[in-house]
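> Submitted below is the structure of interest, expressed as structure tokens.
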């Protein structure tokens, strides 16, 4: 089983599911030609898709358009269902950074056919995660910068204040349609600037100074 690691600690949380949020930054929605959503757009990634910082993202042979999407990731610390905003905030125990690697050509073809995005989002190594900083050690202010570089060149850079739906709002909404359990992760959406990566590329991502990751594409 995959686990979420806590910074400067041997503590770990067994990961159940990853709930991912699409189109949570207005400029990203626009760059892909999508409408800005009135409610969070949700999809699921399996825990089997996870690799950790320092790992290798395997480029599936059935795609020619592997894209990076950097995201703030929430670690859920207790089971929650139909949460109030206060309960939702309490359920978030930590923060990290993650990559929702996406097969854009596959996704676009699936969307044309009205099919789910599963083949574009759930392949092995499609979720890269950092270690997590506990909320007790860091208070999220939403003015933090989230950034991604490919081969040293900045591709994505924005502040968390640009999110349409903020962390507690996401937990509140998601818990109204499914129970969130201890160890679940929420990928909160990506800012604009997503682009293609190729085999051999080096990806670096960071969430302010509190979480960072690095990986390569193979």
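> Post the alpha-carbon centroid distance, segment 5-58 to segment 102-134, in whole angstrom.
If we compute the Cα centre of each part, the gap is 9 Å.
> In nm, to one decimal, how far is the residue 26 label point from the residue 178 one, both placed 7 Å along Cα→Cβ?
2.9
> Please give the direction-averaged projected area of the C-alpha convex hull for segment 61-131, in square nanometres with one decimal.
6.3
> Next question, about the same structure. Kindly provide the pair-distance distribution of segment 1-120 built from C-alpha pairs, with 5 Å bins from 0 and whole-percent values in order of increasing distance.
2, 8, 16, 22, 20, 15, 11, 5, 1, 0
> Okay, next question. Only residues of segment 196-215 count here: report those whose backbone N is under 20 Å from the spot 7 Å along Cα→Cβ of residue 137, or say none.
Residues 205-214 qualify, since their backbone N sits under 20 Å from the label point.
> Describe numerically, in nm with one decimal, the distance between label points set 7 Å from Cα along Cα→Cβ at residue 42 and at residue 199.
3.8
> Additional query: Once you treat every alpha carbon in segment 95-171 as an equal point and sum by Debye, what is log10 I(q)/I(0) at q = 0.12, 0.24 Å⁻¹?
Relative scattering, expressed as log10 I(q)/I(0), comes to -0.50, -1.21.
> Mean projection of the alpha-carbon convex hull of segment 77-117 over all orientations, in nm²?
Averaging across all directions leaves 4.8 nm² for the Cα convex hull.
> Just the projected area, averaged over all directions, of the convex hull on the alpha carbon atoms of the chain: how many nm²?
11.0
> If you wrap a convex hull around the alpha carbons of segment 140-218, what volume per residue comes out, as a whole number of Å³?
Considering the Cα atoms of segment 140-218, their hull volume per residue is 127 Å³.
> Okay, next question. Hey, got the Cα dimensions of segment 128-176 along the principal axes, in Å, largest first?
40, 25, 22
> When only C-alpha pairs under 8 Å and at least 6 residues apart count, what is the relative contact order of the chain, in percent?
Once divided by the residue count of the chain, the mean separation gives 33 percent.
Each reported figure results from applying straightforward, stated rules to the coordinates on display, with no laboratory input. Being a predicted model, the structure only gives us computed values, none of them experimental. Cβ coordinates were reconstructed from backbone atoms using ideal geometry, including for glycine residues, and neighbour counts include every protein chain displayed.
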